[in-house]
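Worksheet for the structure shown next.
The values are calculated or read from the model by the stated rules, or taken from the named source; none is laboratory data. These numbers were taken from a predicted model, which means no experiment stands behind them. All Cβ positions, even for glycine, are placed from backbone atoms using ideal geometry, and neighbour counts span all protein chains on display. We work out accessible area using only protein heavy atoms, side chains counted, and drop any ligands, DNA or RNA first. Shrake-Rupley method; radii C 1.70, N 1.55, O 1.52, S 1.80 Å.
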Amino acid sequence: MSDTVTLTIDGQEITVPAGTTLLEAAAQLGIEVPVICYHDATTSNGLCRVCVVDVNNGRLLQAACVTTCANGSTVETRNDRVERSRRTILEMLNSAVDLQHAPAIQTLMNDYDADPARFPNAERREHALLDDNPFYVRDYSQCVLCWRCVQVCADDAQYTFALTFGGRGFDTHIATAFDIPMPESPCVFCGQCVGVCPTGALKPKIQWGMEQGMTPEQIRQSTRRRKHRVEYED
Amino acid sequence: MDSLSIAEILVPYQGRQRDALLPVLWDMQTAFGHIGPDAVRQISHTLHVPEADIYGVMSFYSLFSSEPTAKTVIRICTDPVCGLAGADEAIHNFCRRLNIHHDEITPDGKYAVSHTTCLGLCDHAPAALISQRGQSETAIAPLTPETDFSELLTLSPYQSIVRGDILLKGVDGGNVESLADYGNYRALHHAITILGPDGVIGEVEKSGLIGRGGAAFPTATKWKMTRQATGQPKYVVCNADESEPGTFKDRVLMEARPHLILEGVALCAFAIGATKAYLFVRGEYPESAWRLQRAIDEATHAGLLGANILGSEFSLDIEIRRGGGAYICGEETALFEAIEGNRGFPRIKPPYPTTHGLFQKPTVVNNVETLSTIPGIVEHGGDWFRQWGTEKSTGPKLVSVSGHVQRPGVYEINPGITLRQLLEGFCGGVIGDLQMVLMGGAAGTFLTPDQLDVRLTFEDLRAIRSTFGSGAIMVFNETADIRDILRRLGRFFKHESCGKCFPCQLGTQRQMEILERADTPLVGDRERLRDIGLTMTESSLCGLGQTAASAVLSALEKWPDLFAVKGQPV
Ligand SMILES: Cc1cc2nc3c(=O)[nH]c(=O)nc-3n(C[C@H](O)[C@H](O)[C@H](O)COP(=O)(O)O)c2cc1C
Ligand code: SF4
Ligand code: FES
């Protein structure tokens, strides 16, 4: 088996080590393939599919972040099929999730001509704000389900296993066991989940407080509260 | 069971690991009607699985509950065929008689009424699954709005109409074939004493057998690759998750001919060099699971399974796993995840199961019907199998026919006969005027009366951009409303999407919403459905999302007026 593969991406030929993903190969040619769920430091699971590209005009498009380069293949990173998928995914995501604190996704929406009002009367994934600990708040109405927080909490980094998924399909949400408040879970407040969140779903308490117009003193007061409780906002 | 405590239930699981999670959850769910925080804490200690993970796993499966439920939960199927047969009215009636709403528990805690996806009893629609605390599940059909609650479990057992001489030989409904009826495992004996593993694979290759689970993959190729793979140990997994709406052939096989399946599993294990096999039976098929278990016990007792089979070096342990209620677990890699004790999220392929399957080991996963053809092929030779079917669709093939036909049931057909011959000959004709046929299950496509002369083969169906799929054929006459059928399909996929990848997780919800308003569509709904459908089809991670719009897209093509808005161009 040879150690390198040669393929054509958007008309340019490139030779890369076997095992290189299409995303990495494209980047080497200066071609930027959009991503949402992909993150250098976490396992790629091919979730968001905005990175799909057309390989050999196949029946299925391939997620560039998890598909390795195959010798002799011809890849188009942006054609009509690819654009339709990316645009539709973005429109559907925007119709379900509050993306106001996700500037990178907003930029993609513009780039792909995604209509923010494409899906009228669509059910949104709305969740009450969870303010149950002194360090961060959780607003799952802004969660895109990239899985990064669950992964860094588990075997991608911290081995704490405080987080999981509840429900399935459209109703999937990030949860603790039986939705217990963070302080009752195994969470050690390492902050890694907050660090990898691509939207406003996980925010340091201080940042969130300032956005709410609280004074530093008010924020300090609120983080010092001894008895933590879940607060619901309607 | 009532008296067993959580700790007592866990005794047999001491020393076990995560892969025992599904069986433990089943034991808890059955004993207590739900799985609460105490149970999860103790399971976590026993199996060394984080509590959050256990919660995540149970919340994935429909048949597990984290909240207390009623003593008796009645789940009525609302998929297309049961829908036609009055499932909605049945739910309504049951709720009214109990004076509760859908999903509510009666004040005395005795009953709750809910709905479910297809139960594989489409030939007796409408069907229901009864879960009674302290006992296993029972599937009943047909249900009438008058069915007495106290008689739910004493309804006379359903008897499917079946016709066939090879796989369905001697099956006349109701009877379970005992080992004495079936005879010793002659094909297995022949394989062990004469053919050897390569000889077995050779006959399977000669037979031209194509997998019956839906993906239409050549069976011998899969077996050869797994045999050649270097990883150890190797596994055989029998996919008995049959959840494709309109499909019930595997149920009939499991209920009537368990030994045929077991012998097929044993032959596969012998051929690829596996000593452990799993039968993954959907949770909604309790009858299949216990009949298979009884057959395993019988065969083990007779020395046909277990250690040193028929006095040879070959040993095989077969274990049954009950699914927790999730269509996605029929997808082979999601099925592995379920056995391993995880949420049923499908994996990215490659790597493929032949090298990285169950527990990341080389694995053959085959459908129940596929494995049932193996004993005949091994005993009589691959050429024997080719006397049925066509060059590319060899051997007899089972189809499940339901809906508006005189005799809905499971039929063994000789591929190459036409759809018309099946419906008019085997099924005794269509009731009323044929409007359409949903071919291949919820993930299939619609056919119209002008297409009745299509030959039922993999290649002929592919040529008209349809599919055998799981062999489900749902027939609808002029009284059926295409919008109603599409709505039920939309709800099915929304309910069953695993939620892993965005196109399917979001697309099944948006698709359902548009299908729900099919009677009064909004301007642009047709285009929305097309964009959602093509995006799911081309960009989803697994076969569920890739086919979740298949029926809808075929309907849009066949009936251009669907979703048209008055005064607006289509
Ligand atoms: C969503 C989904 C559900 C499936 N359900 C089943 C099933 O219930 N039974 C089955 O045998 N195959 C099912 N399959 C196909 C399996 O992934 C796999 O291809 C099959 O079990 C292989 O067996 P075969 O080669 O004998 O057909 C399903 C596939 C998908 C994508
Ligand atoms: S297509 Fe995506 S969301 Fe749907 S079942 Fe497969 S992985 Fe899950
Ligand atoms: S970045 Fe590839 S699927 Fe999300």
Requested in this report: Quick one: residue A:104 ticks every box in (1) within 30 Å of residue B:492 (Cα to Cα); (2) in a helix (DSSP H, G or I); (3) in contact (Cβ under 8 Å) with a residue 60 or more places away in the chain except a single one, so which number is it?
Outcome: (1)
Query raised in the report: Quick check: is even one residue across the stretch B:217-239 open to solvent by 20 Å² or more (accessible area, probe 1.4 Å), assigned to a loop (DSSP other than H, G, I, E, B) and modelled with pLDDT under 95?
Result: no
Query - Positions within the stretch B:169-192 being within 24 Å of residue B:308 (Cα to Cα) and touching a residue at least 12 places away in the same chain (Cβ under 8 Å), in sequence order - result: B:178, B:179, B:182, B:184, B:185, B:186, B:187, B:188, B:189, B:190, B:191, B:192
Query raised in the report: Is it true that some residue in the stretch B:135-144 is closer than 19 Å to residue B:283 by Cα and of a type in the set (D, E, K, R)?
Result: yes
Report task. Go through (1) within 13 Å of ligand 1 (Cβ to nearest atom); (2) more than 30 Å from residue B:491 (Cα to Cα) and name the single condition residue B:216 misses. Result -> (2)
Query - Flag for residue B:125 being modelled with pLDDT of 90 or more, in contact with a helix residue (DSSP H, G or I) (Cβ under 8 Å, 6 or more places away or on another chain), buried (at least 16 other Cβ atoms within 10 Å of the Cβ) and among the aliphatic types (A, V, I, L, M) - result: yes
Query - Options B:486, B:515, B:452; residue that is touching a residue at least 60 places away in the same chain (Cβ under 8 Å) and away from ligand 3 (no atom under 16 Å from the Cβ) - result: B:486
Requested in this report: Quickly run through the stretch B:442-500 and pick out the residues that are basic (Lys, Arg), in a loop (DSSP other than H, G, I, E, B) and not assigned by TED's automatic domain parsing to the domain that holds residue B:554.
Outcome: B:465
Query raised in the report: Can you tell me how many residues in the stretch A:40-72 are at pLDDT 95 or above and more than 16 Å from ligand 2 (Cβ to nearest atom)?
Result: 12
Query raised in the report: So, in the stretch B:479-530, of the ones that are within 14 Å of chain A (Cβ to nearest Cβ) and of a type in the set (S, T, N, Q), which residue ends up nearest to residue B:564 (Cα to Cα)?
Result: B:520
Query raised in the report: Just checking, which of B:114, B:66 is open to solvent by less than 50 Å² (accessible area, probe 1.4 Å), touching a strand residue (DSSP E or B) at 6+ places or on another chain (Cβ under 6 Å) and among the hydroxyl-bearing types (Ser, Thr, Tyr)?
Result: B:114
**Report entry** Members of the stretch A:63-96 found to be away from ligand 3 (no atom under 14 Å from the Cβ) and surrounded by fewer than 21 Cβ atoms within 10 Å (Cβ to Cβ), listed by number
**Finding:** A:70, A:71, A:72, A:73, A:74, A:76, A:78, A:79, A:80, A:81, A:83, A:84
Query - All positions within the stretch B:196-216 that are within 26 Å of residue B:398 (Cβ to Cβ) and open to solvent by 40 Å² or more (accessible area, probe 1.4 Å) - result: B:205, B:206, B:213, B:215
**Report entry** Pair list, Cβ under 9 Å, 6 or more apart: the stretch A:145-169 residue at the interface with chain B (Cβ under 7 Å from one of its Cβ atoms) and within 15 Å of residue A:188 (Cβ to Cβ), other residue of a type in the set (D, E, K, R) and open to solvent by 20 Å² or more (accessible area, probe 1.4 Å)
**Finding:** A:161/A:155; A:161/B:51; A:161/B:53
Report task. Taking residue A:109 as meeting all but one of (1) open to solvent by less than 20 Å² (accessible area, probe 1.4 Å); (2) in a loop (DSSP other than H, G, I, E, B), write down the number of the exception. Result -> (2)
Query raised in the report: Scanning for something in contact with a Ser or Thr (Cβ under 8 Å, 6 or more places away or on another chain), of a type in the set (A, V, I, L, M, F, W, C), in a helix (DSSP H, G or I) and crowded, with 24+ Cβ neighbours inside 10 Å, does the stretch B:277-295 turn up at least one residue?
Result: no
